[in-house]
Amino acid sequence: MTLRAVVTGVGHYLPERVVPNAEFEKTLDTSDEWIRARSGIENRHFAGEGDSTSSMAVAAATAALADAGRTAQDVDAIIVATSTADLTFPSSATMVQAGLGMTTGFAFDVQAVCAGFVYALANANALIASGQAKRVLVIGSETFSRIMDWTDRGTCVLFGDGAGALLLEAQEGTGTPADRGILATDLNSDGRHKDLLYVDGGSSTGTTGYLRMQGNQVFRHAVEKLAATAQTAMDRAGVTAEDVDWIVPHQANIRIIQGTAKKMNISMDRVVVTVQDHGNTSAASIPLALSVGKQRGQIKQGDLLVTEAIGGGLAWGAVVLRW
Ligand SMILES: CC(C)(COP(=O)(O)OP(=O)(O)OC[C@H]1O[C@@H](n2cnc3c(N)ncnc32)[C@H](O)[C@@H]1OP(=O)(O)O)[C@@H](O)C(=O)NCCC(=O)NCCS
């Protein structure tokens, strides 16, 4: 018998305020055309006064629980992937636990920047496969608008806020790729590249800091590493590119998404794309895309999905799962 971590619910939350590219033309030397052409982004949502990383995570988790027909009392563990926790500590996950009214189980954050959701899924899978938890809420939630340098046109036009959540439940599988649930994971990092993408604040400065990025250098690593990690995860799962119904990539830049799909020999009509509407929401982007992809009628039960992401660290990875 193989214990599989099966997605039984999905949900998301997007803040009300939608910011089109044209907004940035008022304060920066940039244009809607430049942002669309270089990134594929048209709009992004920015958190309002009442929104926080933890409040958005609670909203997304509540939607995922409703989708699964479960309550917070059914959950054993909460993992929140975020780089924009409300406070340095406690973890966002414990705040979500309280927000959901859950007084049992355990909760913790995973910090792997834009790869955070893939890391969180791998952790949830390990908890379920080892029998330590039966039901795990895995949430990606970010308020990157609060760590932007609004004078830096190379970064502030690219990011957005939002949250997405999955409920994963232990179910018995056969150990074959026909099983529903997570079939394989692959995680990587290489700290030598820490200066390509970082926030210049923390305990070393006593400030929150702002996001700094050498965008073209990150780009250079992205396609190659994403295609490689996706291939490794597919090999481990015993599936090939032809078997894949959907790639659900981290939504950073349409050119990275297209380049990776091409390298994987998968056509763009098998890729869930939301970057035009959300911008880069870091660890929230994959669960947001999963939730929106399901709402659109793209992702259906039984579909074979590959998620892949790369971000600061550098950290990157992929998960193969059957929906
Ligand atoms: C950021 C990114 C869109 C920039 O595109 P690019 O084609 O690499 O552009 P470059 O950074 O080489 O900059 C080219 C020029 O555009 C300018 N530029 C940067 N941002 C701009 C903006 N918003 N509007 C207009 N011009 C801009 C640069 O200043 C530069 O001008 P220069 O040649 O006069 O110095 C692209 O590098 C990218 O998407 N990288 C990956 C970033 C990413 O996804 N990070 C998150 C990973 S999780």
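The values are calculated or read from the model by the stated rules, or taken from the named source; none is laboratory data. Quick caveat, the model's predicted, so the values are computed rather than measured. Methodologically, a virtual Cβ is constructed for each residue, glycine included, from the backbone with ideal geometry; neighbour enumeration extends over all protein chains shown. Ligands, DNA and RNA are stripped out before the accessible areas are found, and what is left, the full protein with its side chains, is counted by its heavy atoms. Shrake-Rupley method; radii C 1.70, N 1.55, O 1.52, S 1.80 Å.
Can you tell me the accessible area per residue over segment 59-153, all protein chains present, probe 1.4 angstrom, in square angstrom? Let's see the in-between values first.
Values: 3740 Å² over 95 residues.
Per residue, segment 59-153 has an accessible area of 39 Å².
Non-local amide H neighbours of Leu183 (under 5 Å, H modeled in plane, Pro and chain starts lacking H): which ones?
Val320, Leu321, Arg322
Long-range amide H contacts for Gly201: which residues qualify at under 5 Å (H placed 1.01 Å from N, peptide plane, sequence gap of 5 or more or a different chain)?
Tyr210
To the nearest 20 debye, what is the magnitude of the charge dipole of the chain about its Cα centre, counting +1 on the Cβ of each Lys and Arg and -1 on the Cβ of each Asp and Glu?
440
Using θ = phi - 60° and the Karplus curve 6.51 cos²θ - 1.76 cosθ + 1.60, what whole-Hz ³J(HN,Hα) does each residue of segment 59-64 get, with Gly and Pro shown as x?
For segment 59-64, the Karplus curve yields 5, 5, 5, 4, 5, 5 Hz.
Would you mind pulling out the separation of the Cα centroids of segment 171-190 and segment 67-109, in Å?
24
Placing +1 on the Cβ of each Lys and Arg and -1 on the Cβ of each Asp and Glu in the chain, which of Thr30, Phe144, Gly317 has its Cα farthest towards the positive end of the resulting dipole?
Most positive-ward Cα: Gly317.
With every protein chain present, what accessible area does Tyr198 have (1.4 Å probe, heavy atoms only), rounded to the nearest 10 Å²?
100
Please list, ordered by chain and number, the residues whose modelled amide H lies under 5 Å from the amide H of Gly40; skip anything fewer than 5 residues away on the same chain.
When sequence neighbours closer than 5 places are left aside, the close amide H contacts are Ile254.
Considering only protein heavy atoms and a 1.4 Å probe, what is the carbon-and-sulfur percentage of the accessible area of the chain?
Ligands and nucleic acids excluded, carbon and sulfur give 48 percent.
Taking a probe of 1.4 angstrom, what is the accessible area of Ser267 in Å², to the nearest 10?
Its accessible surface works out to 60 Å², give or take rounding.
Go ahead and estimate [θ] at 222 nm for the chain from helices alone: -39,500 (n - 2.57) per DSSP H run with n ≥ 4, summed, over the residue count, rounded to 500.
Values: 9 runs with 98 residues, N = 323.
-9000 deg cm²/dmol, from helical runs alone.
I need the phi-derived Karplus couplings for segment 16-33: 6.51 cos²θ - 1.76 cosθ + 1.60, θ = phi - 60°, integer Hz, Gly and Pro marked x.
5, 6, 9, 10, x, 3, 4, 4, 6, 5, 6, 10, 10, 7, 8, 8, 4, 4
What number, in percent, do you get for the relative contact order of the chain if the mean sequence gap of Cα pairs under 8 Å and at least 6 apart is divided by its residue count?
In percent, rounded to a whole number, it is 26.
Provide the per-residue ³J(HN,Hα) series for segment 167-175, in order, calculated from phi with Karplus coefficients 6.51, -1.76, 1.60 and θ = phi - 60°, each as a whole number of Hz, with x at glycine and proline positions.
Each residue of segment 167-175 in turn: 9, 10, 10, 5, 9, 6, x, 9, x Hz.
Roughly how much of Phe108 is accessible, in Å² to the nearest 10, using a 1.4 Å probe?
The accessible area comes out at roughly 60 Å².
Straight-line reach only, C-alpha to C-alpha below 22 angstrom: list the lysines that Lys263 could link to, leaving out same-chain residues fewer than 8 apart.
Within reach: Lys225.
How much net charge surrounds Met95 when only other residues with a Cβ under 15 Å from its Cβ are counted (Lys, Arg +1; Asp, Glu -1)?
Summing Lys and Arg as +1 and Asp and Glu as -1 gives -4.
Going down the list Lys134/Lys194; Lys262/Lys300; Lys26/Lys194; Lys134/Lys300; Lys262/Lys294, which pairs span over 25 Å between their C-alpha atoms?
Lys134/Lys194; Lys26/Lys194
With only alpha-carbon atoms in the gyration tensor, what are the semi-axes of the equivalent ellipsoid for the chain, in Å, largest first?
Whole-Å semi-axes of the equivalent ellipsoid: 28, 23, 18.
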